[in-house]
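No value in this document is a laboratory result; all are computed from the given coordinates. No experiment lies behind these values; they were computed from the predicted model shown.
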Amino acid sequence: MRNLLLIAATAALLAAPVSADCPCIPLTHLWTVKTCADWNCANSELVVANGDPQVIAVPVGMSDGRWLVLRRFVAGAAIEDQNDPFQLHQFGSVNSAVDHYTSMSTDMRPQLLTAPDGQVLVIALKEPEQSIGRHRPVPH
């Protein structure tokens, strides 16, 4: 009888709700960008992601075959490559993203898209592309 009482008391303690004084910290998520030289590199990143919906491959839309791989991380879980030619800014609203997007010139090659988590992403070159806006001289 004592064993049954001890087991019941232990089960009641384990089933009791945990105190709300937990050190619960809301997680912040950040999007990062990685430039891939071609589709094979971007495809490899997608394969490694194993179907993670927070990894997206986007074509750059320039004369070369580069692709951008966007990945969502918990803040502090990854370090962004400072040598990557593209930068990414994330916004919680379309209005602020569009304001940022329209403030950039076309030689920065800006792209605006909505991520699966509802964030609005603006991706652009860190330095203006030199070939845009320059025309080759026409031979006479």
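The length gained on full extension between D84 and I25, counted as 0.36 nm times the residue separation minus their Cα-Cα distance, comes to 18.2 nm. Each residue of segment 53-69 is assigned a 3J(HN,Hα), and the resulting list reads x, 9, 10, 10, 9, 10, x, 6, x, 10, 5, 9, x, 5, 10, 10, 10 Hz, derived from the Karplus form 6.51 cos²θ - 1.76 cosθ + 1.60 (θ = phi - 60°), x at Gly and Pro. Using the Karplus relation 6.51 cos²θ - 1.76 cosθ + 1.60 with θ = phi - 60°, the per-residue 3J(HN,Hα) values for segment 113-121 come to 8, 9, 7, x, 8, x, 5, 9, 9 Hz, with x marking Gly and Pro.
The stretch between A37 and H100, if pulled fully straight at 0.36 nm per residue, gains 20.0 nm over its current Cα-Cα span.
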